[in-house]
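To start, the structure itself, in structure tokens.
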Amino acid sequence: MSASRQAVRQGLRRGWTEFVQSLRSAQDQGFYLFIGVVTLAVLWFNRDNEVGETGLLYPTFALPSILGGLVTFGLVIGPGYSLAMEREDGTLLRHKALPHGMEGYVTGQLTLQSLTLLPSLLVVLVPSLLLFDGVMPGGAGSWLAVLGLIVLGMLATMPWGMVLGSVVPGVQKMGTWGMLPVLLITAISGIFVPIQAMWGWVQAVAQVFPVYWIGLGLRSAFLPPEAVVGELGDSWRTGPMLLVLGAWAVAGLLVAPRVLRRMARRQSGSTVEAARETALQWVR
Amino acid sequence: MAAVPTFPDSAEPLQPGPPGPRPAVRVRGLRMAYGTHEVLSGVDFDVRQGEVVCLLGPNGAGKTTTIEVLEGFRLPSAGTVEVLGADPARGDDAWRARIGVVLQSWRDHPRWTPRRLLSYLGGYYTPWSTPDRTRPWDVEDLLATVGLTEEADRKIATLSGGRRRRLDVAVGLIGRPELLFLDEPTAGFDPQARRDFHDLVHRLSDLEGTSILLTTHDLGEAERLADRILILTDGRIVADGSAAALTRQVAGSSEVRWVRDGEQFVHATDEIVPFVRRLLEQHGDELTDLEVRRADLEDTYIAMVQRFESRPQRHLAEVAR
């Protein structure tokens, strides 16, 4: 299996190379800057607002939730776009023509997307720690919990990003297939506004998806224990949170390889050529 | 090589292979249908080891489909296909490592440089290196071979179309393949790049012993490169032979033009010398101009394609659909 291991090594190398290239690209720097500025602006203009009866200031409540939202958004939309794009431009086909190429490709994609999460979280987190007081009252233990929750959140969401990128008919359809549903789910999942502001049935829908639970988990790690009164049922619901995220992770890890294999089987020069024709013809 | 052209009307029965090494590619009765539309209706051919074979045919004849079946990227509807001794549909990674595919890239890896991309892709082949075939191909050497040394550290997004195609060829070669597939490799090449590419193909076939199957629209290219030419029309191989043998095969392969009393005449014939002798005996000084043109591969190709495309049953089928 040394050839397979070599392919995984190549994938790690690929992910790292693409990550460094992304950091150096003005286009991607602009994207990180945009996320940072918009989020910080929202927090800054609400810096003196209190949230519900918790007595917490808005930035304190919203920062962990927004980080959770960024994890989900980045790891579903990121791989989705990447994969849809690279199916069309021939990157995937190149790997299909290599020995153990798909293993390398998927490793590369997972590496890149995980690494990319870092700057998009840091541009929000670091300025927030400097600008707002009391956003992270806990110590090293809390940070460790944050790290663990982010890893669990990655496992729960990234496979579904890969699935999305495999089933979406083309990059042009990512808006309706990817962005719209993810933004809708994020909007009802208590990221910017506490979930209690929603109707009951909307709250139920939101709790099916991982976004709410990642946000809840991160709030439990960031916020002081007394803030629990701001949550549904006055509880952090750590057990159900781990269970729901774990279930999404297991399901994703079972489904994604199958969907990826099926998608890869269908790749050929003609499909790339057809995608090119489609891209050149936006209006039809 | 003086292969005799053949015009198979039906799929040949499987014959015991010729003595010597196994062919690199062996295709028998290959069929491909999408719903009721049949793209390939019984294709048979071989590519021997170290041979350069050119697949010619009009658009939509099934060239790309054939190549994609051989690459293992597409499952055929029927027929037996053997590529380097294995069924491409079940080819494992060891098999994959021996095959090179030149793909038409479009805009992939825009932020990479040719050197970085080749060195990355080459990494997949290190476990498959053997004493008599070290893999991958040395990146510097390969860059020089395809003429990309100067652009080696430029972003791929900034390369011109022709340079990008050179990179595509280099990517197909990085694993030092024993068998190389090229689907219209020189589309978008300028004349100089085209000539460089032809030299490269000759070198690969002579020095590396690489077997090569390529498709093209360019008849001159086929004539210059191929040991053997296959003409694919209407989903089947209608001609198989060297350029010279194919040209000889088409009746009326030469054209005689002359002018008598200010009037132009044209006559197609195989028997140039007797015809011209008779012409001179008959008209003598009345002839004011005489031109003999031997048919070239283009005439042969057009004649073949027309002959097989205008078969009446095909027209009926077209109308019925």
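At a glance:
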{"quantity": "Convex hull volume per residue for the protein assembly as shown, taking Cα atoms only, in Å³", "calculated": "214 Å³"}
{"quantity": "Peptide-level mean, for B:164-177, of C-beta atoms on other protein chains within 10 Å", "calculated": "1"}
{"quantity": "Residue-wise HN-Hα coupling along segment A:49-64, computed from phi with Karplus coefficients 6.51, -1.76, 1.60 (Hz; x: Gly, Pro)", "calculated": "7, 9, 9, x, 9, 6, x, 7, 7, 3, x, 5, 5, 7, 4, x"}
{"quantity": "Chain A: angle of helix A:269-280 to the longest principal axis, Cα-based, in degrees nearest 10", "calculated": "60 degrees"}
{"quantity": "Most to least packed among A:17-23, B:31-37 [average Cβ atoms within 10 Å]", "calculated": "A:17-23, B:31-37"}
{"quantity": "Tensor-based shape of segment A:85-211 (alpha-carbon gyration tensor, a/c under 1.5 rounded, otherwise prolate or oblate)", "calculated": "oblate"}
{"quantity": "Highest to lowest packing among A:69-75, A:55-61, scored as the average C-beta count within 10 Å", "calculated": "A:69-75, A:55-61"}
{"quantity": "Folded to 0 to 90 degrees: helix A:238-265 orientation relative to chain A principal axis, Cα", "calculated": "10 degrees"}
{"quantity": "On Cα atoms only, tilt of A:210-222 relative to the major axis of chain A in degrees", "calculated": "50 degrees"}
{"quantity": "Local electrostatic count, A:Ala3, Cβ distance below 11 Å [Lys/Arg +1, Asp/Glu -1]", "calculated": "0"}
{"quantity": "For segment A:2-269: Kirkwood Rh in Å [reciprocal of mean 1/r, alpha carbons]", "calculated": "19.4 Å"}
{"quantity": "Three-way shape label, segment B:101-231, alpha-carbon gyration tensor, a/c 1.5", "calculated": "oblate"}
{"quantity": "Structure-based [θ]222 nm, the protein assembly as shown - -39500 (n - 2.57) summed over DSSP H runs of at least 4, per residue, nearest 500", "calculated": "-16500 deg cm²/dmol"}
{"quantity": "Highest-fluctuation residue, B:Arg135, B:Arg228, B:Arg107 considered, GNM on chain B with Cα pairs under 10 Å", "calculated": "B:Arg107"}
{"quantity": "At R0 = 25 Å, FRET efficiency that the Cβ-Cβ distance of A:Ser4 and A:Val167 yields, to 0.05", "calculated": "0.45"}
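No value in this document is a laboratory result; all are computed from the given coordinates. No experiment lies behind these values; they were computed from the predicted model shown. Virtual Cβ from ideal backbone geometry, glycine too; neighbours counted across all protein chains shown.
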